[in-house]
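Data block below; observations after.
The values are calculated or read from the model by the stated rules, or taken from the named source; none is laboratory data. These numbers come from a predicted model, not from an experiment. Note that each Cβ is placed from the backbone with ideal geometry, even for glycine, and that neighbours are counted across all protein chains shown.
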Amino acid sequence: MRVVQFLQVVVLLLLLAYSVLVYLENPVLLRLPLLFAGRELVLPAGVALGLGLLTGALYAALLILPRYLRQRVLRRSDLLRRRDAETRLQATLQAVIDETGTAETAGPAQGQPDLSGPTDAEPAALQPTQNAAAAPSVQA
């Protein structure tokens, strides 16, 4: 791939050198020989320079365009994959939240101990004390 680009740049430089040599021979009007029928194209120097610049800009754009389009396609596919993964993750998390939410409201299943902790209906003596220093009457 790099060899093709190198050859393209060399051809572009050869065309530029050819245009400069023709301009040095004919400073006011450029006579560009055409490859067919032995004819030539006569242009003022400014118009020829403008056409040369336009041709060079189009050529450079054609060199850059495939990489730009490839990067854009890759970015778009990465974005779509990321959105798909986020959607699946969100659906999985929502399913886990729904399962835990229904399990908490339903209570423990039969044969399983209740690990949720003491409730407000249990006596205070069964609840563990948070801080031993805060309850000196229990220590005495």
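Take Tyr18 and decide whether it is closer than 21 Å to Arg2 by Cβ and among the aromatic types (Phe, Trp, Tyr).
Working: closer than 21 Å to Arg2 by Cβ: no; among the aromatic types (Phe, Trp, Tyr): yes.
So Tyr18 fails the test.
Which condition does Val28 not pass, out of (1) in contact (Cβ under 8 Å) with a residue 12 or more places away in the chain; (2) farther than 30 Å from Leu13 by Cα, if it passes all the others?
Every condition holds for Val28 apart from (2).
Those residues that are over 27 Å from Gln5 (Cα atoms) and of a type in the set (Gly, Ala, Ser), I need them from the stretch 22-65; list them, please.
If the condition is that a residue be over 27 Å from Gln5 (Cα atoms) and of a type in the set (Gly, Ala, Ser), then Ala37, Gly38, Ala45, Gly46 are the ones that fit.
Being within 9 Å of the chain's Cα centre (by Cα) and acidic (Asp, Glu) is the filter here; which residues of the stretch 73-87 pass it?
Across the stretch 73-87, the qualifying residue is only Asp78.
Looking only at residues in the stretch 17-49 that are at pLDDT 75 or above and in a helix (DSSP H, G or I), which one is surrounded by the most Cβ atoms within 10 Å (Cβ to Cβ)?
The extreme case among them is Ala48.
Here are some residues: Glu104, Glu86. Which one is surrounded by 10 or more Cβ atoms within 10 Å (Cβ to Cβ), part of a helix (DSSP H, G or I), at pLDDT 80 or above and of a type outside the set (Ser, Thr, Tyr)?
Working: Glu104 fails: at pLDDT 80 or above.
The match here is Glu86.
If Glu122 satisfies every condition in (1) at pLDDT below 70; (2) surrounded by 10 or more Cβ atoms within 10 Å (Cβ to Cβ); (3) part of a helix (DSSP H, G or I) but one, which is the exception?
Condition not satisfied by Glu122: (3).
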